[in-house]
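*Asks:* Please find one structure pasted underneath; my questions will follow.
The values are calculated or read from the model by the stated rules, or taken from the named source; none is laboratory data. What you are looking at is a predicted structure, and each value in this text was computed from that prediction instead of being measured. Here the Cβ positions follow ideal geometry from the backbone for every residue, glycine too, while neighbour counts run over all protein chains shown. Side chains included, ligands, DNA and RNA excluded: accessible areas come from the protein's heavy atoms. Shrake-Rupley method; radii C 1.70, N 1.55, O 1.52, S 1.80 Å.
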Amino acid sequence: SLFADGRTDTFDDGYFPTKGVNAGVSYSWTFAGLPGKINSFHTIQADAEVVVPIGGRFAFIPSFNARALLGENVPVAYFNAVGGSLAGRYVDQQIPFIGINKLAAMKNILTVFRADFRVKVARNHYIDAIANYARDCDAFVDYAVGPGHFGAGLEYLYDTILGPLSANVHWSSFTKSAGFYISAGYNF
């Protein structure tokens, strides 16, 4: 494949930023298939996250992720996916989505909009209210068809020397059920 990537990160902290922007774009042209028939396709991806401080204790953190697979018969290994709290946990192309603990396959054109409202309760204690919305389709003309998927959650976070500890409760219209997720340590 041929690819190009670009990213900027001005966050003042990797896990609990109080200001800054993290944004990136990528493009790849992949040649896949069996001998005798090469099927090429394109992957375009963009993401952005901005921390908007509100006083000394509050932060509004909107984010956006988009990924499009363009071409016919895109191999299953390149599918779009959402779920979990961590990007790329199960597959490289996984986009986080509060309300879905597992990996969920999506259609070829995917967008996820998310808003976090974080408050610093005490020295290393945080509460985060999260809402996200996803839309997917196989063709741009069908993007506005259907209701999309909504998820919301409430998360407690504690910043330790060994990395953040967090626990959240959540719900989504995709799973139509409540769930919880607990994590400890740095993401790697």
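*Asks:* Could you please report the charge total around I44, scoring K, R as +1 and D, E as -1 over all other residues with beta-carbon less than 14 angstrom from its beta-carbon?
*Replies:* So the surrounding residues net to -1.
*Asks:* Per residue, how much accessible surface does the range 19-84 expose to a 1.4 Å probe? Answer in Å², no decimals.
*Replies:* Heavy-atom accessible area per residue stands at 54 Å².
*Asks:* Which aspartates and glutamates have a Cα less than 13 Å from the Cα of K120, not counting those fewer than 8 places away in the same chain?
*Replies:* List returned: D128, E155, D159.
*Asks:* Using a Gaussian network model of the chain with C-alpha springs under 10 Å, which one of F58, F16, F140 is most mobile by mean-square fluctuation?
*Replies:* Checking each option, the largest mean-square fluctuation is seen for F140.
*Asks:* Excluding residues fewer than 8 places away in the same chain, name every one of the aspartates and glutamates whose C-alpha is closer than 15 Å to that of K19.
*Replies:* Partners found: D9, E49, D116.
*Asks:* Between Y156 and A178, with labels modelled 7 Å along Cα→Cβ, what's the label distance in nm to one decimal, could you check?
*Replies:* Here the answer is 1.5 nm between the modelled labels.
*Asks:* Using alpha carbon coordinates only, what is the Rg to Rh ratio of the range 30-83, with Rh defined as the Kirkwood radius?
*Replies:* Here the Rg-to-Rh quotient is 1.29.
*Asks:* Tell me which aspartates and glutamates have Cα within less than 15 Å of K102's Cα, excluding those fewer than 8 residues away on the same chain?
*Replies:* D92
*Asks:* What residues from the range 81-100 fall in the zone where the backbone N is under 20 Å from a label point 7 Å along the Cα-to-C-beta line of W171?
*Replies:* Hits in the range 81-100 for W171 at 20 Å: 83-85, 97-100.
*Asks:* Let me ask something additional. Rounded to two decimals, what is Rg over Rh for the chain when you use alpha-carbon atoms and the Kirkwood radius?
*Replies:* 1.00
*Asks:* Could you tell me what percent of the DSSP beta bridges with both partners in the range 1-155 are antiparallel, to the nearest 5?
*Replies:* 95 percent
*Asks:* Ratio of Rg to Rh for the range 127-185, alpha carbon only, Kirkwood?
*Replies:* Answer for the range 127-185: 1.16.
*Asks:* Right, here's the next one. Kindly write out, for the range 54-60 in residue order, the coupling ³J(HN,Hα) from the Karplus curve 6.51 cos²θ - 1.76 cosθ + 1.60 (θ = phi - 60°), rounded to whole Hz, with x marking Gly and Pro.
*Replies:* These are the phi-based 3J(HN,Hα) values: 10, x, x, 10, 10, 8, 9 Hz.
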